[in-house]
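What follows is a set of notes on a single structure, which appears directly below.
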Amino acid sequence: MMEHEAHETVVFDLDGTLVHLGVDWATVASEVAETLRERGVTPPDTLWGMLETSEETDNRAAVERVIADHERDGAHDSERLAAADTIPSCPVGVCSLNCEDAVHIAIEKHDIEGVSVVIGRDSVTTRKPDPEPLLETVRRLDGDPSTTLFIGDTKRDEKTAERADTDYVDISEWLRAYA
């Protein structure tokens, strides 16, 4: 486990890490599939596949509206998780696959202090596991990837950290050490 004291910058994922968004992802997928069908596009089986297809077929804005609406509502209905009480005093950011608005809503709703930078799915042109969202978070924190710890809850988060050349710790390990 990486000790956070050895890191100058810490970045958290949001959903499943700091909060649990109240989003019914099956409903989101159903509505996104319908949005694509209405535009003459056969939707793939997964929500991420639908998002990728929406980009390839110039339907990204319509699909993004559906997903982001659910995420914003889910942020209002979110549950604060234990890691929200473990924000260190160094520069801290959030790098999330959720839309930036939802991240801000959840942070404000739960009064999570110490987060100074937020990068969401719609903040940059790529998404995790591409390293750019995490690297942009680190840049905006005036940090360096080599001294950054990324805390997440999925293999996608771990892969993102690997590609960005930052350290990574799963939220369960972080909580064992700091909660």
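Can you sort Lys109, Lys155 from fewest to most other Cβ atoms within 10 Å of each residue's own Cβ?
Lys155, Lys109
Could you name the aspartates and glutamates whose alpha carbon sits less than 20 Å from that of Lys109, not counting residues in the same chain fewer than 8 places away?
Leaving aside aspartates and glutamates fewer than 8 places away in the same chain, those within reach of Lys109 are Asp13, Asp15, Asp24, Asp69, Glu71, Asp73, Asp77, Glu79, Asp85, Glu100, Asp101.
Would you tally the net charge around Asp45, using a Cβ to Cβ cut-off of less than 14 Å, leaving Asp45 out, and scoring K and R as +1, D and E as -1?
0
How far is helix 100-109 tilted, in degrees, relative to the longest principal axis of the Cα atoms in the chain, given as a value from 0 to 90 rounded to the nearest 10?
60
Specify which labelled value, from [x] 0.99; [y] 0.92; [z] 2.09, agrees with Rg/Rh (Cα atoms, Kirkwood Rh) derived from the coordinates of the model shown.
Working out Rg/Rh (Cα atoms, Kirkwood Rh) from the coordinates points to [x].
Evaluate the relative contact order of the range 25-76 (contact order divided by residue number), counting alpha-carbon pairs under 8 angstrom at least 6 apart; express in whole percent.
35
Would you mind ranking Tyr168, Tyr178 so that the residue whose beta carbon has the fewest other beta carbons within 10 Å leads the list?
The most exposed by this proxy come first: Tyr178, Tyr168.
Would you work out which of Ala82, Leu51, Ala164 lies farthest towards the positive end of the dipole of the chain? Charges go on Cβ: Lys and Arg +1, Asp and Glu -1.
About the Cα centre, the residue reaching furthest to the positive side is Leu51.
Going by C-beta contacts inside 10 Å, put Trp174, Trp25 in order with the fewest on the left.
Listed from fewest to most nearby Cβ atoms, that is Trp25, Trp174.
Pairs of Cα atoms under 8 Å, at least six residues apart: use those to get the relative contact order of the chain, whole percent.
Relative CO of the chain lands at 28 percent.
Just to confirm the number: angle between the C-alpha axis of helix 60-76 and the first principal axis of the chain, 0 to 90 degrees, nearest 10?
Compared with the principal axis, the helix lies near 50 degrees.
Around Leu149, which amide H atoms from residues at least 5 apart in sequence, or from another chain, sit under 5 Å from its own amide H, with H modelled in the peptide plane?
Amide H to amide H, under 5 Å and 5 or more residues apart or across chains, Leu149 pairs with Thr9, Val10, Val11.
Residue by residue through the range 168-177, which ³J(HN,Hα) values in whole Hz follow from phi under the Karplus form 6.51 cos²θ - 1.76 cosθ + 1.60 (θ = phi - 60°), with glycine and proline marked x?
9, 9, 6, 4, 5, 5, 4, 5, 4, 8
So what's the gap between the Cα centers of the range 1-53 and the range 87-166, to the nearest angstrom?
Spelled out, the Cα-based centre of one part sits 14 Å from the other.
Roughly how large, in nm² to one decimal, is the mean projection of the convex hull of the alpha-carbon atoms in the range 25-76?
Mean orientational projected area (the range 25-76, Cα hull): 3.1 nm².
Count the DSSP beta bridges whose two residues both fall in the chain, then state the antiparallel fraction as a percent rounded to the nearest 5.
10
So how tilted is helix 47-56 from the main axis of the chain? Cα-based, degrees 0 to 90, rounded to 10.
Result, in degrees: 70.
FYI, it's all coordinate maths here, none of it is from the lab. Values in this document were obtained by computation on a predicted structure and should not be read as measured data. All Cβ positions, even for glycine, are placed from backbone atoms using ideal geometry, and neighbour counts span all protein chains on display.
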